[in-house]
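Note sheet for the following structure.
The values are calculated or read from the model by the stated rules, or taken from the named source; none is laboratory data. Bear in mind that the values here come from a model prediction, so they are computed numbers and not experimental data. Glycine gets a Cβ as well: all are built from the backbone with ideal geometry, and neighbour counts include every protein chain shown. Calculation scope for accessible area: heavy atoms of the full protein, side chains included, ligands and nucleic acids excluded. Shrake-Rupley method; radii C 1.70, N 1.55, O 1.52, S 1.80 Å.
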Amino acid sequence: MQTTKPLVGLARRLVKDGYFSAQVAHIALEKAQSVQKPFISHIIAEELISNYNAAFAASDEFGLPLFDLNTFDTQNIPEGLVDEKLILQHRALPLIKRNKKLFVALSDPTNISALDDFKFHTGLNTEAVIVEEDKLQQTIDNFLDSQGSGLDDLGDDSLENLELEEAQPADQPETSEDAAQEAPIVRFVNKILLDCIRKGASDIHFEPYEKIFRVRSRIDGILQEMARPPASLAPRIAARLKVMSKMDISERRVPQDGRIKMRLSKSRSIDFRVNSLPTLWGEKIVLRILDSSSAKIGVDALGFDPEQKELFLSVLVKPQGMILVTGPTGSGKTVTLYTGLNILNTEERNISTAEDPVEINLEGINQVHVNPKVGLTFAEALRSFLRQDPDVVMVGEIRDLETAEISIKAAQTGHMVLSTLHTNSAAETLTRLKNMGVEPFNVATAVSLIIAQRLARRLCEECKVPHDLPEAALLEAGFAVEKIHNLNLYESNPVGCLHCTKGYKGRVGIYELLKMTTEISDCIMNSGTSLDILEIGLRQGFIPLKASGLRKVELGVTSLEELNRVITH
């Protein structure tokens, strides 16, 4: 009869503390050994224990200090002490050097070989501090990302072999010597693109200056620096991006446009819209990330209040009319339009869009990229649509009277028309159309719904903190008197955590929806102003942008500071 070995060390401690039974511990130990994985990593991966409880138990059992990596700035890591291959091999990170002692962050206290190797390579005495495994991995990733200027040290061969739809210019054959010289550039560019996709960035900026070269990404609407490669590499990086996007690499005097398609898997690919701009110190390259999955997020993810969602869907499925989405650049108008188109995209409907440019391909929808240089304007595309038996028409933007009049004609003759305008509010949109020269009667009879919107950053659910404000400040912000005593507001944690960027993660739409009613139509016909229209809307239950945003603040979705940033009136 085979006897089971008694549990020792951390496994015994966790059983004693009641995290799992001795039988589960023995099975976990055997599985961890069979896959050559540390016991602590295995039980966390199997969700037998949380990251924090595992770190706390290990710290207590081995008598080692427990450290919270959320409070640590990776810029304080001693430079040049340890090769990054060693960090990845041992999943350990040097934190602080004091005199002749190096403190090393570990999640597994039995990882003695890491301490020995660090001691051998640095000549310093090493001392372990215990950290949570998930935070350690994230901190290691962030630290290695920040070392992007060391191109030759990236070391990931797969970064050279991303599947890209690109073509090597026929008159520029690539020699093996050229390929060897450019391999680090290829890896660096691909790594930046992949990192930005993982972090949910919308744009990437490659910016050359006199003495520095900066790479920034726009995440949740805010630009943040990602890397600073040597300024001398700027021309080579620009050339690589231009080759990938099929631009003329010999032309550096005028702006150029291009596209990159990166295939991440058999089922997912990412498009980049690329623009080059000659600046004083070289070509600035900006990439817009066009992820088709963002156009299929579903109406529930947009951020509509329940009554706003109901109104939007009720107007959207009508056989005719016009829905206008307004707001500044970057406020999410395109995603709102695409979400509506996806709802309407059925076998029974013929849908055509005119866009400048077509950013995301939607299967089942006829998309036209307008090109004014050859006479294919929004208006010309619309005229053609109306001769092709359409049910739904989407116009990327109403920019002039001709486009407006054809769009309105389509809405009046049995078609659903969706489009955008650049105005600050829903009420101003109606007067803007009149100022463009559209007859008040046509505005009143064609427009069904106007949506004004902004995008605000979402508070991170993991680290948001309560925010106490005096009553006077709450009243000034716009909260109702009867609510101010029961509000539980939150603000961002500026330090952030592993799940977010400076206390925010993702964005949410803030909307105002103005439905065309008989009274509003009469106001337009009688030359009413946007203030007159707003007054009528408020009497009929219209919720303005600021009030809609305050609802999001009350629910803890965003902060008052963020709301004031995106809505200035």
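Points to keep in mind about this one:
- Any hit, the stretch 308-325, residues being surrounded by 15 or more Cβ atoms within 10 Å (Cβ to Cβ), in contact with an Asp or Glu (Cβ under 7 Å, 6 or more places away or on another chain), on the phi < 0 side of the Ramachandran plot and not basic (Lys, Arg): no
- Listed by position, the helices (runs of 4 or more DSSP H) inside the stretch 6-62 whose residues that are open to solvent by less than 20 Å² (accessible area, probe 1.4 Å) and within 14 Å of ILE130 (Cβ to Cβ) number at least 2 are 39-45, 51-62.
- Verdict on MET262 being in a loop (DSSP other than H, G, I, E, B) and either touching a Gly at 6+ places or on another chain (Cβ under 8 Å) or at pLDDT below 85 (or both): no
- The number of residues in the stretch 325-376 being within 19 Å of GLU310 (Cα to Cα), over 25 Å from the mean Cα position of the chain (by Cα) and either assigned to a helix (DSSP H, G or I) or touching a residue at least 40 places away in the same chain (Cβ under 8 Å) (or both) comes to 1.
One line per residue, one yes/no per condition, for (1) in contact with a helix residue (DSSP H, G or I) (Cβ under 9 Å, 6 or more places away or on another chain); (2) open to solvent by less than 20 Å² (accessible area, probe 1.4 Å); (3) farther than 19 Å from ILE398 by Cα:
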position	(1), (2), (3)
THR420	yes, yes, no
SER425	yes, yes, no
ARG432	yes, no, no
LEU449	yes, yes, no
LYS464	no, no, yes
LYS483	yes, no, yes
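- Criterion (touching a Leu at 6+ places or on another chain (Cβ under 9 Å), surrounded by 15 or more Cβ atoms within 10 Å (Cβ to Cβ) and of a type in the set (Gly, Ala, Ser)) met by exactly one of ALA379, ALA354: ALA354
- In this structure, SER250 does not qualify as open to solvent by 50 Å² or more (accessible area, probe 1.4 Å), at pLDDT below 95 and either farther than 19 Å from ILE185 by Cα or not small (Gly, Ala, Ser) (or both).
- Hits in the stretch 488-513 (condition: of a type in the set (A, V, I, L, M) and surrounded by 15 or more Cβ atoms within 10 Å (Cβ to Cβ)): LEU489, LEU498, VAL508, ILE510, LEU513
- Residues satisfying the stated conditions in the stretch 297-306, i.e. free of Cβ contacts under 8 Å to residues at least 40 places away in the same chain and more than 13 Å from ASN342 (Cβ to Cβ): PRO306
This table checks each residue for (1) farther than 21 Å from THR501 by Cβ; (2) aliphatic (A, V, I, L, M).
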position: ASN70; (1), (2): no, no
position: VAL82; (1), (2): yes, yes
position: ALA92; (1), (2): yes, yes
position: LYS97; (1), (2): yes, no
position: PHE103; (1), (2): yes, no
position: LEU106; (1), (2): yes, yes
position: SER113; (1), (2): yes, no
position: PHE120; (1), (2): yes, no
position: LEU124; (1), (2): yes, yes
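- Residue match in the stretch 537-554 (condition: crowded, with 21+ Cβ neighbours inside 10 Å and more than 33 Å from the chain's Cα centre (by Cα)): yes
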